[in-house]
2 protein chains.
Amino acid sequence: MEKVNLVQKLSLFNDQYSPKIIGEVNDLYVKVVKLQGEFVWYHHDVEDELFFVVNGALNMAVREDGAEREIMILPGEFIIIPHGLEHRPSADEETHIMLLEPKSTLNTGNVENERTVHELQRI
Amino acid sequence: MEKVNLVQKLSLFNDQYSPKIIGEVNDLYVKVVKLQGEFVWYHHDVEDELFFVVNGALNMAVREDGAEREIMILPGEFIIIPHGLEHRPSADEETHIMLLEPKSTLNTGNVENERTVHELQRI
């Protein structure tokens, strides 16, 4: 059991939209991921998802009550997307994120496409 | 559903060793706490516990295989204490922490004393 440094873990890979596992707390995984550009709209039927920004700026679009809005999340900030909520992460510059979500979570939620990652790497 | 800024949440209170709830991800709470001085030795029978340092320096003493060691955790770093492991947080200067742990977690684990907090405040 050792401590984990987020910036050091993020220095170990370059691929985007490919979450890596860096820890587990009971039924949840702690992951890091690099994002740039626009992801897909998706939701998770049962899993909540926490996005904590380490570097960069995360633009989270959400659909609530038929309306769309965008929330900008900066380093030291997080947002929790409750299950069922349609959302779409995007980032103009490369943005580094720590994710917390149940182990059962698929990165693209209810959608399966070329960005779906089934077997996550541990780093 | 709004974003959460850790430093802003930590500015809302001054009491130490009194975790406040700032979010939930399925069965886990996200909390913030201010620590200074030495806490008690304790463990959790079933819950893992993640300590992420926001400001300051957390000195985590752990007892493994009959030996004691200390791990210094700095801002941007975290440590996950697996269930069953005896540990004792301490901090020379006031240190600000984000905690992730199952909702069932009691802050003093298997020990109940004057530092046990049964009803956590939400901020």
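The values are calculated or read from the model by the stated rules, or taken from the named source; none is laboratory data. These figures come from a predicted structure and were not determined experimentally. Cβ atoms come from the backbone with ideal geometry, glycine included; neighbour counts cover every protein chain shown.
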Would you mind stating whether residue A:36 is more than 14 Å from chain B (Cβ to nearest Cβ), more than 29 Å from residue B:60 (Cα to Cα) and touching an Asp or Glu at 6+ places or on another chain (Cβ under 6 Å)?
yes
Go through the stretch B:90-123 and report how many residues are within 27 Å of residue B:26 (Cβ to Cβ), of a type in the set (A, V, I, L, M, F, W, C) and assigned to a strand (DSSP E or B).
4
Farther than 21 Å from residue B:104 by Cα, at pLDDT below 95 and at the interface with chain A (Cβ under 9 Å from one of its Cβ atoms): is that true of residue B:47 in this structure?
no
Leading residue by the ranking (farthest from the chain's Cα centre (by Cα)) among those in the stretch B:17-33 that are modelled with pLDDT of 95 or more and more than 14 Å from chain A (Cβ to nearest Cβ):
B:20
Matching residues in the stretch B:61-89 (part of a loop (DSSP other than H, G, I, E, B) and out of contact with any helix residue (DSSP H, G or I) (no Cβ under 9 Å at 6 or more places or on another chain)) number 8
Which of the residues that make up the stretch A:3-46 are in contact (Cβ under 8 Å) with a residue 60 or more places away in the chain, of a type outside the set (Val, Ile, Thr) and part of a loop (DSSP other than H, G, I, E, B)?
A:12, A:13, A:16, A:17, A:18, A:19, A:27, A:39, A:41, A:43, A:44, A:45
For residue A:10, state whether it is more than 8 Å from every other protein chain (Cβ to nearest Cβ), more than 30 Å from residue B:45 (Cβ to Cβ) and crowded, with 20+ Cβ neighbours inside 10 Å.
yes
Quick count over the stretch A:97-123, residues being modelled with pLDDT of 80 or more, touching a Leu at 6+ places or on another chain (Cβ under 7 Å) and surrounded by fewer than 21 Cβ atoms within 10 Å (Cβ to Cβ), is 3
Hits in the stretch A:75-89 - residues which are farther than 21 Å from residue B:29 by Cα and either at the interface with chain B (Cβ under 8 Å from one of its Cβ atoms) or buried (at least 16 other Cβ atoms within 10 Å of the Cβ) (or both):
A:87, A:88, A:89
Go through (1) touching a Lys or Arg at 6+ places or on another chain (Cβ under 9 Å); (2) within 24 Å of residue A:6 (Cβ to Cβ); (3) of a type in the set (Asp, Glu) and name the single condition residue B:15 misses.
(2)
If a residue has to be surrounded by fewer than 21 Cβ atoms within 10 Å (Cβ to Cβ), hydrophobic (A, V, I, L, M, F, W, C) and within 12 Å of residue B:89 (Cα to Cα) to count, how many in the stretch B:19-59 make the cut?
4
